[in-house]
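Single-structure report; data block below.
The values are calculated or read from the model by the stated rules, or taken from the named source; none is laboratory data. All of these numbers come straight from a predicted model, not from anything done at the bench. Backbone-built Cβ (ideal geometry, glycine too); neighbour counts: all protein chains shown. All accessible areas refer to the heavy atoms of the entire protein, side chains included, with ligands and DNA or RNA removed. Shrake-Rupley method; radii C 1.70, N 1.55, O 1.52, S 1.80 Å.
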Amino acid sequence: MTHEGLMKVNKMNHAYRQATWSHLRTRSLRIFLALALVHSVSIQPLLADWQRHTIDATSQGADGVRLADVNGDALLDIATGWEEGGKVRVYLNPGRERVTLPWPKATVGEVASPEDAVFIDMNADGVFDVVSSCEGKNQSVYVHWAPPEIDAYLDSSAWKTEAIPGLQKLAMWMFAYPARIDSNEKVDLVLGSKGDKARLGWLKAPGPSRGLEDWKYVPLYDVAWIMSIVCLDADQDGDQDILISDRKGSHQGIICLENPLPLGDPADSGAWKHHRVGPLGQEVMFLHTMPSEELKGTDVWVGVKPKGMVGFSMDHAFNTLEHSIRLILPEWMGTSKGVAQGDINKDGQLELVISCEGATRGRSGLAWCSIPKKESPKGHMPIFHDIAGSMGVKFDRIELLDLDEDGDLDVLTCEERDNLGVIWYENPHIN
């Protein structure tokens, strides 16, 4: 896949959210300019009126949603690994008329303990394959080769699975992010893991070769438990840097690795500078990023255990603003997991959608809230609005997009303990 092709995919992945964010970014910057420690004292949630729709609940342990438009219909499709069920699946968006029904699907591979699955065209044939990252005793990364004809995409028997030789039994793999790291026009993979042998590394795509044995793994940074990887041009120098959240260990926190291009060699791990940004020494979970036009940098939100959410800004020199915003989740919610930002109630402001794990004893695992502004009085307490109700215990990362095409942002996620599966919640706000 060319660099231009990757940029097109990334644009599609964020098309719905960017449409609502474009006029809000300048305004949203103000939320990062004042120190605010904000507690919610809500004893009972505002009752949820979001309808849940099931895309698939026919396996066990749905573990994350990753998006791409794989068939060129301008609708975002889904890749998901089912950790306990040992299945990797793709789902084709059926369009507005059937979006509330279970989506057409294919099981593209069966592997043990798939923690993550993501779309990427590994052999540059113009069709999206799927890469799964596996933990547990498996500790391997697999390519699920798509059939060459898109008409056979939903034929499970047409997919072939192959382990990447250089990554087998190397670590408990947690997450993969497609990005073009070097000057090669093919898309590479940035991979993170957890455990004693955990590393953040770069799987370098070969030149003309399509064989998996020719992909070279380059370790970049010692980690303990990778939760998120985001590749972005943080310093605005034309290449892709790597932002990660490391949940455990002596380096826990948020780290940005600066790509040494154009002067250095990205294959030289010593050439990558490590910038420790955002919350440090805290148990950080999933990251959410969004461009900050005024700073020419990045706005970041991250979940922090046990019940925190932290927002901050990073400029193009990898400096973070002195002040940040910290929200504390109410008692009726579980513990922090994922976060996403968008205009949820169509009031012209940005809100947060927050997912949780540990949502037991009637607690909710999904809610949204407003974000305190600079001019808010000290002690201002945002109101949290329930989304999921008491159904669901362990939710995952969040995507916000207008699935039913009614003009507002819906919430797409997974839940793996009550086995709700791959699900989305219909935004009740109307024009």
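Protein heavy-atom surface of the range 145-195, 1.4 angstrom probe: 51% of the accessible area is carbon and sulfur, with nucleic acids and ligands not counted. On a per residue basis, the convex hull of the C-alpha atoms belonging to the range 240-348 measures out at 128 Å³. As a size descriptor, the averaged projected area of the C-alpha convex hull of the range 111-210 was calculated at 6.2 nm². Once the chain from LEU263 to HIS429 is taken as fully extended at 0.36 nm per residue, the excess over their C-alpha distance is 54.7 nm.
Cross-link pairs out of LYS186/LYS273; LYS160/LYS216; LYS87/LYS337 include none exceeding 32 Å in C-alpha to C-alpha distance. If you model the range 294-335 as an ellipsoid using its alpha carbon gyration tensor, with each semi-axis the square root of five times an eigenvalue, the axes come out at 26, 8, 7 Å, biggest first. Multiplying each eigenvalue of the alpha-carbon gyration tensor of the range 298-431 by 5 and taking the square root yields semi-axes of 24, 18, 15 Å, largest first, rounded to whole angstroms. Ordering MET290, ALA271, LEU327 by the projection of their Cα atoms onto the charge dipole of the range 237-327, which places +1 on the Cβ of Lys and Arg and -1 on the Cβ of Asp and Glu, puts LEU327 at the extreme positive end. Dipole magnitude for the range 224-270: computed about the Cα centre from +1 point charges on Lys and Arg Cβ and -1 point charges on Asp and Glu Cβ, it is near 440 debye.
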